[in-house]
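Only one structure is covered here, and it is reproduced in the block below.
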Amino acid sequence: MTVKRKAVALISGGLDSMLAAKVILEQGIHVEGINFYTGFCIEGHTHAIRKQERARAKRNNALWVAEQLGIKLHIIDVIDEYKDVVINPKHGYGAHLNPCLDCKGFMVGKAKHWMDEHQFDFIVTGEVIGQRPMSQRKNTMPIVARESGANDRLLRPLCAKILAPTLPEREGWVNRDQLLDFSGRSRKPQMALATRYGLNDYAQPAGGCCFLTNEHYSAKLADFWQARGGKHYELDDIMLLKVGRHLRPRPHFKLIIAREEGENNFLEGYRRQYTHFRTLSHKGPIALLDGSAGTQDLHLAAQLVARFSQGRGSPTVQVSITEKDDNTQTLDVVPLSNNDIPQGWYI
Ligand code: SF4
């Protein structure tokens, strides 16, 4: 009797990992998916919050992919363990604060544990040689396989034909001839394959699967670490870096100012953890103050918040300031003008 082999596929919610799982499913292998939640995932965050994104479907793309493929998906929270990957990446960062090579090794390593625990046979990823400058190069592929402990139980169906045969191929669990030889940055082959499979609704390819590849997000994280005097964070900290305008008028405090209604609602949820500002005389955003602020700092912050309210052209704006202990004061302030705000305040 032939044993039915089982593969666990890393599912990000994007096209590549979806196709990789599909290629293996097509060979009659039992496939289940794993999706890791690091806290930096773009999935369902900005799109869910910002009003201008409301037209986009609010869905968890990893679950959507699993549903399209008809496979079971395991969503695993790795928020705490992942901190070490972001804070101390052995292989360093990519163009921004994205530790892609360490991240891949970490995720495949977690998948390897899961595979062993659940008696699965091999791991599938959607990596394509040359697709991403840091983690998906021919010379980094063996590093991920080795450091994760997955070794040759790690199969990359989209580029397997240009890599050495892995255990599933050598053992005949999968047919190497039906695997692919994609390489490079072009996404046309993936799109053509998706069409062939009749998969036409998938997340659009973006710069990466997480916020760490984003220049602005990375700048905010670097600023946050500098202000805190060390590389550490909690989930709330990295969530707030995804939302609002961030300005640091003084080294010891910054303001997070909502840019629109969706962000306003989101920041409302954090108001008890921070000193927060509202404009009373005019419509305006909620703003949170992160850090410590004396009397002059609070006045300056109120002037800044007034600048982003509908009272920006008025002689004065009334602003309420509520501290964490619920102590509230009201100030009448002159809104700052654009010229009063140095570009360097914007993080
Ligand atoms: S883009 Fe983010 S999630 Fe994707 S490999 Fe790089 S660090 Fe990891």
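The values are calculated or read from the model by the stated rules, or taken from the named source; none is laboratory data. No experiment lies behind these values; they were computed from the predicted model shown. Note that we place each Cβ from the backbone using ideal geometry, even for glycine, and neighbour counts take in every protein chain shown. Each accessible area value is taken on the protein alone, full model and side chains, heavy atoms only, with ligands, DNA and RNA left out. Shrake-Rupley method; radii C 1.70, N 1.55, O 1.52, S 1.80 Å.
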Would you check if there is a residue in the stretch 199-206 being part of a loop (DSSP other than H, G, I, E, B) and free of Cβ contacts under 8 Å to residues at least 40 places away in the same chain? yes
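Scan the stretch 231-284 for residues that are part of a loop (DSSP other than H, G, I, E, B) and within 30 Å of Asn88 (Cβ to Cβ) and jot them down. Break it down into steps so the answer makes sense when it comes.
Here is the first cut: in the stretch 231-284, the ones part of a loop (DSSP other than H, G, I, E, B) are 231-234, 241-244, 251-252, 258-260, 269-270, 274, 280-284.
If the condition is that a residue be part of a loop (DSSP other than H, G, I, E, B) and within 30 Å of Asn88 (Cβ to Cβ), then Lys231, His232, Tyr233, Glu234, Leu241, Lys242, Val243, Gly244, Pro251, His252, Tyr270, Tyr274 are the ones that fit.
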Enumerate the pairs (first residue in the stretch 212-226 and closer than 10 Å to Leu97 by Cα and within 13 Å of the ligand (Cβ to nearest atom); second residue anywhere and assigned to a helix (DSSP H, G or I) and of a type in the set (A, V, I, L, M, F, W, C)) with beta-carbon separation below 6 Å, excluding pairs fewer than 6 apart on the same chain, so at least 6 apart or on different chains. Tyr217/Phe211
Report, by residue number, each residue of the stretch 176-190 that is within 15 Å of Ala21 (Cα to Cα) and out of contact with any strand residue (DSSP E or B) (no Cβ under 9 Å at 6 or more places or on another chain). Arg176, Gln178, Leu180, Gln190
Starting from the stretch 91-103, keep only residues that are without any contact (Cβ under 8 Å) to a residue 40 or more places away in the chain, then list their pairs with residues that are part of a loop (DSSP other than H, G, I, E, B) and more than 6 Å from the ligand (Cβ to nearest atom) whose Cβ atoms are within a distance under 7 Å, requiring at least 6 positions of separation or different chains. Asp102/Pro89; Asp102/Lys90; Asp102/His91
List the pairs whose first member sits in the stretch 64-75 and is touching a residue at least 60 places away in the same chain (Cβ under 8 Å), whose second member is open to solvent by 60 Å² or more (accessible area, probe 1.4 Å) and part of a helix (DSSP H, G or I), and whose Cβ atoms are under 7 Å apart, counting only residues at least 6 apart or on separate chains? Leu73/Leu63
For the stretch 91-125: of the residues being away from the ligand (no atom under 11 Å from the Cβ) and among the small types (Gly, Ala, Ser), which is surrounded by the fewest Cβ atoms within 10 Å (Cβ to Cβ)? Gly92
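Can you say whether Gly229 is away from the ligand (no atom under 16 Å from the Cβ), exposed (fewer than 15 other Cβ atoms within 10 Å of the Cβ), under 21 Å from the mean Cα position of the chain (by Cα) and more than 30 Å from Leu15 (Cα to Cα), as far as the supplied structure shows? Lay out the reasoning, then the answer.
Details: away from the ligand (no atom under 16 Å from the Cβ): yes; exposed (fewer than 15 other Cβ atoms within 10 Å of the Cβ): yes; under 21 Å from the mean Cα position of the chain (by Cα): no; more than 30 Å from Leu15 (Cα to Cα): yes.
Judged against the criteria, Gly229 is not a match.
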Val144 vs (1) assigned to a helix (DSSP H, G or I); (2) more than 15 Å from the ligand (Cβ to nearest atom); (3) crowded, with 17+ Cβ neighbours inside 10 Å: all pass except (2)
